[in-house]
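Here's the structure, in structure tokens; my notes come after.
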Amino acid sequence: MPDKNFHIITFGCQMNVHDSRWLAGALAARGFVQTPLEQARIVILNTCSVREKPEQKVKTALGRVQSLTGGDPDVLVAVTGCVAQQLGQKLFEGNGQVRLVAGSDGINDVPGAIERLLGEPRLRLSLLDFTSRYVEREPAGHSRSHPVAYVNIMQGCDNFCAYCIVPYTRGRQKSRAATAILDECRALLGQGAREITLLGQNVNAYGRDKSGDGTSFADILAQVAALPGLERLRYVTPHPKDMKPADIEAFSSLAPLCPRLHLPVQAGADRVLARMGRKYDSQDFLDLVAILRKTCPDLALSTDIIVGFPGESEEDFDDTLEMVKTCGFMSAFSFCYSDRPGTRAALFPDKVAPERKQERLLRLQALQEELSARWLNDRVGQKTCLLIETRSPRQLGGEGETLWQGRDPYGALAHVVLPSGADHTGRMVPVVITRAGKHSLSARLEGDIW
Ligand code: SAH
Ligand code: SF4
Ligand code: F3S
């Protein structure tokens, strides 16, 4: 039934990727069929507006869908996620194919809305209201899970960092009930998951809102860590100001909690951090890193950094470079500051010139490349364990052997040759790291797979 063919294009963060997976599962459970874009009658764009570039990409994608389908009015386009929340019904203007806009909390009702729109060709719908509590979603109906699974523990953010649009697009923080989180984790583990990443825009503030049920972030971490069958536990994204002693302690007391933490620093200069509204200074951050490393000596840290925040001087930027060196991040996502409508920083007068931002970004990225290469090189010779995710797209010469890829506890991608004739997906493979590439590792099997 071609009318039921759908395709989803996803932009943005892990939460959006996760929302898209749920949407695909929920549509499949209702009899829809996921296809390549060319064969789709329903196209869903799940969007991000965190910076100008992702937002531009959404507009380009909308244009591409229109030209690929010749503007066919029978093709139904749904725009969901953060751009939909931000632009709302404006997205209907000048594009007859767009018949559904759904913001962050509206996504839950997208499958039902699509069914309704198919029956009423003249209708357009918008689902833009925020809910006051975390709303549970209908089950997506997967029978087997990927070995690496993601579970939402909250929605939204209350921090209002001066540059950030997320509190406006994802709404206020709403914690999910601990029982629902644990039920979903148990179900995923029952379906073959071995690693779980807990997701939220500010995970370690979990429970501190009116949706909370008295369970703290450290509590939910410990409860998930205790579930039978769980090999690895991760979470993203924590805020440095909300890392409580119990959250730090968890790195030594919870065996499945991986020695890897994505901890966004954003900038190294106190003046910039204060104007960003981050509520910590550079010393607070360094102290936090020191205690984390004391608690978990092999902890690998990664981060997010914004360069060229309004008013950032050359000295301020040098402080960021210094911070990056001192912390020795294994990787970093770095971005040029971009004005987001409605945020405080968009009104700051002292904007940094685009060429200067770009030049600083390149310098920062060159430094980080060096640190990342050093981190990978230092791994050579170490014994570790990979959780195999998939066959490697790289080809291999040897007969009876296949190249597989997985991640180590630090989240680094590694390739390993394993015996052919078996599906190694989801297996734990003890290895020795033999070589460091530019962005990944090579490893040799050493021991028994389980
Ligand atoms: N909740 C997470 C992620 C927020 S969005 C956190 O607090 O870290 C992901 C990253 O995008 C941010 O960490 C920040 O580095 C970057 N970002 C957000 N708004 C931005 C803006 N206006 N310009 C440039 N980068 C931005
Ligand atoms: Fe945005 Fe700050 Fe919230 Fe992160 S903590 S989502 S940067 S407002
Ligand atoms: Fe982007 Fe929204 Fe995530 S703005 S980063 S998709 S929360």
Q) Going through the range 405-425 one residue at a time, which ones are of a type outside the set (A, V, I, L, M, F, W, C), open to solvent by less than 10 Å² (accessible area, probe 1.4 Å) and farther than 22 Å from residue 300 by Cα? A) 424
**Q.** Verdict on residue 255 being farther than 20 Å from residue 369 by Cβ, surrounded by fewer than 16 Cβ atoms within 10 Å (Cβ to Cβ) and of a type in the set (A, V, I, L, M)
**A.** yes
Q: Could you pull out every one of the strands (runs of 3 or more DSSP E) wholly within the range 88-155 that has 3 or more residues that are under 30 Å from residue 220 (Cβ atoms)?
A: 148-152
**Q.** Unique residue being open to solvent by 20 Å² or more (accessible area, probe 1.4 Å) and either touching a Ser or Thr at 6+ places or on another chain (Cβ under 7 Å) or at pLDDT 95 or above (or both) when the list is 170, 186
**A.** 186
Q | Looking only at the range 346-388, and only at residues there that are over 25 Å from the mean Cα position of the chain (by Cα) and of a type in the set (Asp, Glu), the one that is most open to solvent (accessible area, probe 1.4 Å) | A | 355
Q. What about residue 21, is it among the basic types (Lys, Arg) and closer than 20 Å to residue 152 by Cβ?
A. yes
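Any residue in the range 17-35 that is within 16 Å of ligand 1 (Cβ to nearest atom) and buried (at least 17 other Cβ atoms within 10 Å of the Cβ)?
Checking the range 17-35: at least one residue is within 16 Å of ligand 1 (Cβ to nearest atom) and buried (at least 17 other Cβ atoms within 10 Å of the Cβ).
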Q) Is it the case that some residue within the range 60-82 is of a type outside the set (Val, Ile, Thr) and within 16 Å of ligand 2 (Cβ to nearest atom)? A) yes
Q: Filter the range 309-326 down to residues that are assigned to a helix (DSSP H, G or I) and within 15 Å of ligand 1 (Cβ to nearest atom), then give me how many there are.
A: 4
Q: Keeping to the range 40-57, report how many residues are more than 16 Å from ligand 1 (Cβ to nearest atom) and open to solvent by less than 30 Å² (accessible area, probe 1.4 Å).
A: 5
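Residue by residue, here is whether (1) part of a helix (DSSP H, G or I); (2) more than 16 Å from ligand 3 (Cβ to nearest atom); (3) in contact with a helix residue (DSSP H, G or I) (Cβ under 6 Å, 6 or more places away or on another chain) holds:
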residue	(1), (2), (3)
343	no, no, no
366	yes, yes, no
385	no, yes, no
402	no, yes, no
Q | Count of residues meeting criterion [of a type in the set (A, V, I, L, M) and in contact (Cβ under 8 Å) with a residue 40 or more places away in the chain] in the range 207-241 | A | 5
Q) Among the residues of the range 173-183 satisfying the criterion of being part of a loop (DSSP other than H, G, I, E, B) and crowded, with 24+ Cβ neighbours inside 10 Å, which is farthest from ligand 3 (Cβ to nearest atom)? A) 176
Q. Which of the residues spanning the range 23-61 are closer than 27 Å to residue 137 by Cα and part of a helix (DSSP H, G or I)?
A. 23, 24, 25, 26, 27, 28, 29, 37, 54, 55, 58
Q | Residue match in the range 287-305 (condition: under 19 Å from the mean Cα position of the chain (by Cα), of a type in the set (S, T, N, Q) and farther than 21 Å from residue 185 by Cβ) | A | yes
Q) Pairs under 7 Å by beta carbon, first residue within 21 Å of residue 333 (Cβ to Cβ) and at pLDDT 95 or above in the range 266-279, partner in a helix (DSSP H, G or I) and β-branched (Val, Ile, Thr), six or more apart or different chains? A) 267/320; 268/320; 269/320
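Answer yes if at least one residue in the range 258-277 is of a type in the set (Lys, Arg), open to solvent by 30 Å² or more (accessible area, probe 1.4 Å) and under 23 Å from the mean Cα position of the chain (by Cα), and no otherwise.
Initial filter on the range 258-277 (of a type in the set (Lys, Arg)): 260, 271, 275.
Then keep just the ones that are open to solvent by 30 Å² or more (accessible area, probe 1.4 Å); that gives 260, 271, 275.
Next cut, under 23 Å from the mean Cα position of the chain (by Cα) only: 260.
Checked against the condition, which is being of a type in the set (Lys, Arg), open to solvent by 30 Å² or more (accessible area, probe 1.4 Å) and under 23 Å from the mean Cα position of the chain (by Cα), the range 258-277 yields at least one hit.
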Q. Would you pick out the residues in the range 131-166 that are open to solvent by less than 50 Å² (accessible area, probe 1.4 Å), within 14 Å of ligand 2 (Cβ to nearest atom) and either acidic (Asp, Glu) or under 16 Å from residue 20 (Cα atoms) (or both)?
A. 155
Q: Restricting attention to the range 109-123, report how many residues are within 21 Å of residue 20 (Cβ to Cβ) and open to solvent by less than 60 Å² (accessible area, probe 1.4 Å).
A: 6
Q | Of the criteria (1) surrounded by fewer than 14 Cβ atoms within 10 Å (Cβ to Cβ); (2) within 16 Å of ligand 1 (Cβ to nearest atom); (3) free of Cβ contacts under 8 Å to residues at least 40 places away in the same chain, which one residue 334 fails | A | (1)
Q: Confirm whether residue 230 is at pLDDT 95 or above, within 13 Å of ligand 2 (Cβ to nearest atom) and in contact with a strand residue (DSSP E or B) (Cβ under 7 Å, 6 or more places away or on another chain).
A: no
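The values are calculated or read from the model by the stated rules, or taken from the named source; none is laboratory data. As the structure is a prediction and not an experimental result, all values here were calculated from the model. Here the Cβ is made from the backbone with ideal geometry for all residues, glycine too, and neighbour counts use every protein chain on show. Surface areas here come from the heavy atoms of the whole protein model, side chains and all, with no ligands, DNA or RNA. Shrake-Rupley method; radii C 1.70, N 1.55, O 1.52, S 1.80 Å.
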